[in-house]
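Following: one structure in structure tokens, then a few remarks.
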Amino acid sequence: MALSDKLKQVNPSEIRKLFDLAQGVEGLISLGIGEPDFVTPEHIREYAKEALDMGMTHYGPNAGLPMLREAVARKLKEQNGIEADPKSEVMITVGANQAFILGLATFLGEGEEVLIPAPMFVSYAPAVILAGGKPVEVPTYEENEFRLSVDDLEKHVSDRTRALIINSPNNPTGAVLTRKDVEEIADFAVEHDLIVFSDEVYEHFVYDGARNYSIASLDGMFERTVTINGFSKTFAMTGWRLGFVAAPSWIIEGMVRFQMYNATCPVTFVQYAAAKALEDERSWKAVEEMRNEYDRRRNLVWKRLNGMGLPTVKPRGAFYIFPRVRDTGLSDKEFSELMLNEARVAVVPGSAFGNAGEGYIRISYATAYEKLEEAMDRMEEVLRKRKLT
Ligand SMILES: Cc1ncc(COP(=O)(O)O)c(C=O)c1O
């Protein structure tokens with residue numbers, strides 16, 4: 001199949017469409033965007049300036065700067081229990097996003113299937129399609145706090161299944177897999193001989209004692225896992241476009257070869273700043289402050305949504321919350337349009353994240369506390385006025 005045919009199957013994201021509609025709505029509060037409202041900590045910005053002044057303005061290695069690969073390997077060992085050789089098992093990418101298509105393209109055969117728990121991050125299915133594979137949605141359920149279970153996986157695995165994507169903490173539901181969940185998923189992957197993509201970009205934003213368990217740290221799992229992470233969420237560096245991957249060397253080798261003809265390499269001075277940031281205590285202090293603030297906002301939004309009659313699971317991670325809106329009698333798209341037009345609050349219809357998201361909306365609480373309060377007041381007023389809850 002030609003790439004243009006594949007592109008036809010990849011629709012513009014529903015989130016983009018909503019932003020187009022939202023343009024021109026005066027006094028709009030956007031709870032639609034999935035990025036930290038914080039500015040990158042000052043010392044990290046200073047490191048980038050330092051790199052520029054040092055003349056780090058040239059091409060770098062396709063796999064990323066050795067100093068950053070080494071810092072990433074140390075981080076993975078200390079924080080995630082993953083032992084990866086910085087020379088052959090670590091790669092730096094242009095955001096975590098780029099890692100999916102690069103990684104999938106290294107081994108996926110035409111039409112091979114990839115299991116994706118849904119509701120899912122909007123880039124996964126397009127990455128699978130563009131890499132020549134077939135995305136297979138595995139629904140997760142509110143009753144199970146949207147955590148993926150092996151029972152759900154068993155219903156969708158076939159002899160064409162080659163890989164599985166997991167994302168904990170999850171975008172858009174905020175679900176966090178428990179250690180037991182991760183162990184069971186690992187057994188399932190071994191049993192069906194699958195490669196696992198583990199997207200851990202929200203690993204530091206976990207609450208109520210939850211924590212991230214990296215599947216690659218389990219016995220025998222490194223050799224079949226592509227661990228994907230990045231700087232966008234952790235250090236509020238979305239615009240810097242920097243991610244990293246740990247995987248077995250045969251996958252990294254393929255990804256690096258692809259990168260040679262794609263972006264060539266991530267931005268050199270950005271990589272320097274990230275390497276310094278990983279080993280600077282101030283960065284981790286900033287992460288802790290962001291985590292505490294997200295937690296405060298999470299408590300507010302969760303309480304207010306349930307209070308206005310929208311049943312909402314308390315998320316244990318990331319900075320999203322996923323209320324059920326179908327009981328209002330409106331579809332998730334109608335509900336989002338109503339909120340946009342009458343409450344002047346932008347939220348994302350759950351169906352933008354796959355069929356399993358129908359009847360829900362995603363709210364991002366990566367927005368100032370006062371704005372969240374105002375948005376909740378406005379939403380509640382519209383629901384009352386229209387007698388929807
Ligand atoms: C689950 C998930 N993975 C990956 C990404 C992409 O991150 P990056 O900015 O590093 O490409 C996002 C961004 O929203 C995300 O939510």
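What follows is calculated from the coordinates using simple rules that are stated; it is not laboratory data. As the structure is a computational prediction, the values presented were derived from the model and not from experiment. Glycine gets a Cβ as well: all are built from the backbone with ideal geometry, and neighbour counts include every protein chain shown.
Table for the structure above
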| quantity | calculated |
| --- | --- |
| Entries in 17/233; 17/75; 180/333 that, when Cα-Cα distance is taken, lie over 29 Å | 17/75; 180/333 |
| Inter-probe distance in nm under a simple model that places probes 7 Å from Cα toward Cβ, at residue 10 and residue 289 | 3.8 |
| GNM result for the chain, Cα springs below 10 Å: residue of 190, 94, 301 fluctuating most strongly | 190 |
| Simple label model, 7 Å out from Cα along Cβ direction - residue 143 to residue 67, nm | 5.5 |
| Cα shape, the range 59-180, gyration tensor, a/c 1.5 rule | oblate |
| Cα centroid of the range 287-350 to Cα centroid of the range 100-163, whole Å | 26 |
| Enclosed volume per residue, in Å³, of the convex hull spanned by Cα atoms of the range 58-280 | 111 |
| Solvent-free Debye scattering, log10 I(q)/I(0), computed from the Cα coordinates of the chain at q = 0.07, 0.08, 0.10, 0.12 Å⁻¹ | -0.31, -0.41, -0.65, -0.94 |
| Shape of the range 3-62, Cα gyration tensor, a/c cut at 1.5 | oblate |
| Neighbour net charge for residue 45 - beta-carbon separation under 14 angstrom, K R +1, D E -1 | -2 |
| Peptides 122-128, 6-12, 229-235, 326-332 ordered by average Cβ neighbours within 10 Å, highest first | 229-235, 122-128, 326-332, 6-12 |
| For the range 240-356: relative contact order, % (alpha-carbon pairs under 8 angstrom, 6 or more apart) | 11 |
| FRET E, pair residue 386, residue 253, Förster distance 45 Å, beta-carbon r, rounded to 0.05 | 0.20 |
| Cα gyration tensor, the range 319-371 - rounded (a/c under 1.5), prolate or oblate | oblate |
| DSSP bridge pairs, the chain: antiparallel proportion in percent, nearest 5 | 40 |
| Gain in span if fully extended, residue 39 to residue 263, counting 0.36 nm per residue against the direct Cα distance | 78.1 nm |
| Per-peptide average of other Cβ atoms within 10 Å, ordering 44-51, 314-321 highest first | 314-321, 44-51 |
| Hits among aspartates and glutamates - C-alpha to C-alpha of residue 285 under 13 Å, sequence gap 8 or more where chains match | 42, 293 |
| Interchain or long-range residues, amide H under 5 Å from residue 29's placed H | 345, 346 |
